[in-house]
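Read-outs: derived from the displayed coordinates by stated rules, not from any lab. Quick caveat: nothing in here was measured; it's all calculated off a predicted structure. Cβ: placed from backbone, ideal geometry, glycine included. Neighbour counts: every protein chain shown.
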Amino acid sequence: MSTHRSLHLIWAAIMLLTLAPVSSARAAELLVGVFAHDVTFIGDVIGVGAAGREGGGDLQIGLRSDRIEALSLIGRPQAHGLVSINSAGTSNFVAAGLSWPISLQGQFYVRPGLGLAYTDGEAGLPAVNAPGLAPPEIQRRLKLYRSRIDFGSHLLFQPELSIGRVLSPRWSAELTYLHLSNGQVFAHGKNQGLDDAGLRLIYKLGSIR
């Protein structure tokens, strides 16, 4: 990770965790999650191909707002901001967006969400078959191709889906699938997405209503 990208990521993380739950809503929930990084089994089922090239796990920390009354026309979503750090030092990201908790039977709920993310991962790996490359450079590029996701863009879409259960007035747990890709909108050509799957613990801040 270059120093330039690291500074951008750290600054974006500070801004998101401080300002992401914007609107009249206050920060209402703290999120802490552990995720498998760059999984492929979900993409195989739904047809959204993950690269399956990067390893390690992701630690995610974030905040959610209260439900935003000013956005009642779209279902009073909650705003979120999160930071995701990869244990193998590959693709980290920050994200911000909206999600909609939908109650199911008993203490269970589903939560679809959509946001934007910025990654310090690779976006535009050099071509392996470029003419005139020396063998060491070919091997270097092959190693990158086999071990890194080429997102095509540092700015990405961040859809997610969670299945949650309320454990107590303060605590909830969510099984979450999160996807990053440029959707051929922020870039054209390379669009190797990232799929994360894992568990979040949710802690309600402030007074219990």
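Based on other C-beta atoms within 10 Å, arrange I202, I102 from fewest to most.
I102, I202
What's the exposure ranking of I61, I138, I149, going from fewest to most Cβ atoms within 10 Å?
Lowest to highest Cβ neighbour count: I138, I61, I149.
Could you check the spin-label model distance between L155 and V185? Points 7 Å from the Cα along Cα→Cβ, value in nm.
Simple spin-label model gives 1.1 nm for this pair.
Given a Förster radius of 45 Å and the C-beta distance between L167 and V128 as r, what FRET efficiency does 1/(1 + (r/R0)^6) yield to the nearest 0.05?
0.35
Would you pull out the residues with amide H under 5 Å of G121's amide H, same chain only if 5 or more places away, H placed 1.01 Å from N?
N92
Hey, can you grab everything whose amide H is under 5 Å from the amide H of G193? Only 5+ residues off in sequence or another chain; H modelled, so Pro and N-termini drop out.
Sorted by chain and number, the residues that satisfy this are A51.
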